[in-house]
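What follows is a single structure, written as structure tokens, with notes after it.
The values are calculated or read from the model by the stated rules, or taken from the named source; none is laboratory data. Quantities reported herein were computed from a predicted structural model and do not represent experimental measurements. Virtual Cβ from ideal backbone geometry, glycine too; neighbours counted across all protein chains shown. Accessible surface areas use protein heavy atoms only, side chains included; no ligands, DNA or RNA. Shrake-Rupley method; radii C 1.70, N 1.55, O 1.52, S 1.80 Å.
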Amino acid sequence: MKIKKYLAPSMPEVMKKVRAELGAQAVILQSRTVYSGGIFGLFKKKNIEVVAAVDPAAAAVPAQPEVKRPAVQEKPASIDPEELKNEMNDMKEMIRDLQKSTASSALYPDMLQPAIDQLSRHGIAKEWIDQTASYLFEKWHTEKEAATARQIREWTLLYLKSCLPDSGSPNKAGVKFSYLLGPTGVGKTTTIAKLASKQVLDFNRKVAFITTDTYRIAAIEQLKTYSGLLNAPMKVAYSREDMNQCMLELSSADAVFIDTAGRNYLDGQYVADLRPLIMQRPEESAYFLVLSATAKEEDLHAIIQNFSSLRIDGFIFTKVDETKTKGALLNLMHTYKRHAAFVSNGQNVPDDLIELSTEQLVNYIFEDWKA
């Protein structure tokens with residue numbers, strides 16, 4: 001790797017030198033403000049010093065003749081916070097320009113490429129990959145370029161975790177009613193059965209069911225089957241008044257799970273129709289949006305945005321075992337600042353339902369990354 005030091009009065013000028021001699025593939029290893037000259041400590045000249053490098057194998061831009069400058073004795077000085085801020089803004093602008101014309105991976109040392117490739121392979125959003133790569137580059141440089149592949153993997157996962165919301169407890173104190181919301185075909189009814197079974201088997205709690213899914217007879221019959229197996233009462237609510245009555249009749253239950261109708265929630269009107277049925281006793285309720293890990297991420301964003309007018313306490317991701325690209329789960333948590341309350345990875349009731357912390361979920365998604 002060819003390494004060279006450049007000096008100029010400002011960051012844009014020094015970057016022109018770097019690009020002219022090393023080309024767009026150049027990597028910035030270090031930058032700092034230095035002062036030289038002056039008389040009795042006064043009238044010092046400020047310059048920006050950049051250490052840049054490039055892989056000799058990369059295509060190089062024809063070099064421009066270097067202007068000879070008189071040798072001066074450079075004396076480090078304390079950096080003014082405002083000057084540092086301006087310098088960092090110049091650096092960020094330069095990185096953005098390079099990212100527009102160059103693949104993200106080409107901007108960073110070879111040692112960091114496996115981590116960047118892993119994030120891309122798992123479907124992590126490009127903007128988040130760029131942020132993570134910048135963080136890794138800073139860590140790598142701080143460690144004097146001596147980090148191992150294992151350390152870089154640890155840094156990567158720790159950074160991802162730091163960007164995600166903390167885990168929330170789906171069984172927090174005061175919550176009696178759990179609403180499961182979401183589009184058709186994502187497995188809400190099966191997920192409700194898993195949640196209820198865990199409450200019965202693990203905590204010996206008395207559970208009950210309410211369904212508002214009056215559009216599909218099969219959904220009611222399926223929930224009746226689960227209620228019979230768990231010896232749990234079940235009610236059907238057709239209106240807001242029905243919902244209030246059902247809640248009163250099931251007041252002796254420890255936990256009530258409410259199955260809502262699966263509709264095409266890409267249509268915002270269906271979300272508006274749902275509101276009157278789910279706004280009773282909000283202080284005693286938790287609202288979970290159930291999403292399929294196999295759906296297109298673009299569609300998932302549209303669904304979540306349509307549900308933004310309603311309260312969403314967390315996500316439940318289903319069919320996680322049916323896809324190899326699970327990064328979309330983290331993208332949604334990162335974008336909407338909602339934790340994942342549960343992950344469903346099969347059809348078995350209640351076994352195939354995992355309650356993971358945010359840290360455990362990141363480890364679960366990248367469990368195949370060996371370093």
Contact list, first residue from segment 356-371 and over 21 Å from A149 (Cβ atoms), second anywhere and part of a loop (DSSP other than H, G, I, E, B) and not acidic (D, E), beta-carbon distance below 7 Å, six or more apart or interchain, is S357/S167; T358/L164; T358/P165; T358/S167; T358/H339
R263 fails exactly one of (1) in contact with a Leu (Cβ under 9 Å, 6 or more places away or on another chain); (2) within 21 Å of K235 (Cβ to Cβ); (3) at pLDDT 85 or above, namely (3)
With criteria (1) open to solvent by 30 Å² or more (accessible area, probe 1.4 Å); (2) assigned to a helix (DSSP H, G or I); (3) farther than 21 Å from T318 by Cα, R205 comes up short on (2)
- Consider A272 carefully, then state whether it is crowded, with 20+ Cβ neighbours inside 10 Å, in contact with a helix residue (DSSP H, G or I) (Cβ under 9 Å, 6 or more places away or on another chain) and among the small types (G, A, S). no
If we keep only residues of segment 118-160 that are open to solvent by less than 60 Å² (accessible area, probe 1.4 Å) and part of a loop (DSSP other than H, G, I, E, B), then the residue nearest to F366 (Cα to Cα) is H122
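Evaluate the following for G262: is it within 21 Å of E367 (Cα to Cα) and surrounded by 14 or more Cβ atoms within 10 Å (Cβ to Cβ)?
no
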Of (1) of a type in the set (G, A, S); (2) out of contact with any strand residue (DSSP E or B) (no Cβ under 9 Å at 6 or more places or on another chain); (3) touching a residue at least 60 places away in the same chain (Cβ under 8 Å), A147 fails just (3)
Reported set for segment 299-349 where residues are of a type in the set (G, A, S), within 17 Å of the chain's Cα centre (by Cα), closer than 22 Å to R275 by Cα and in a helix (DSSP H, G or I) is A302
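Over 25 Å from the mean Cα position of the chain (by Cα), surrounded by fewer than 16 Cβ atoms within 10 Å (Cβ to Cβ) and assigned to a loop (DSSP other than H, G, I, E, B): does that describe G185?
Taking the combined requirement at face value, the residue does not satisfy it.
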Within segment 230-265, restricting to residues that are without any contact (Cβ under 8 Å) to a residue 12 or more places away in the chain and in contact with a helix residue (DSSP H, G or I) (Cβ under 9 Å, 6 or more places away or on another chain), the one that is nearest to N204 (Cα to Cα) is N231
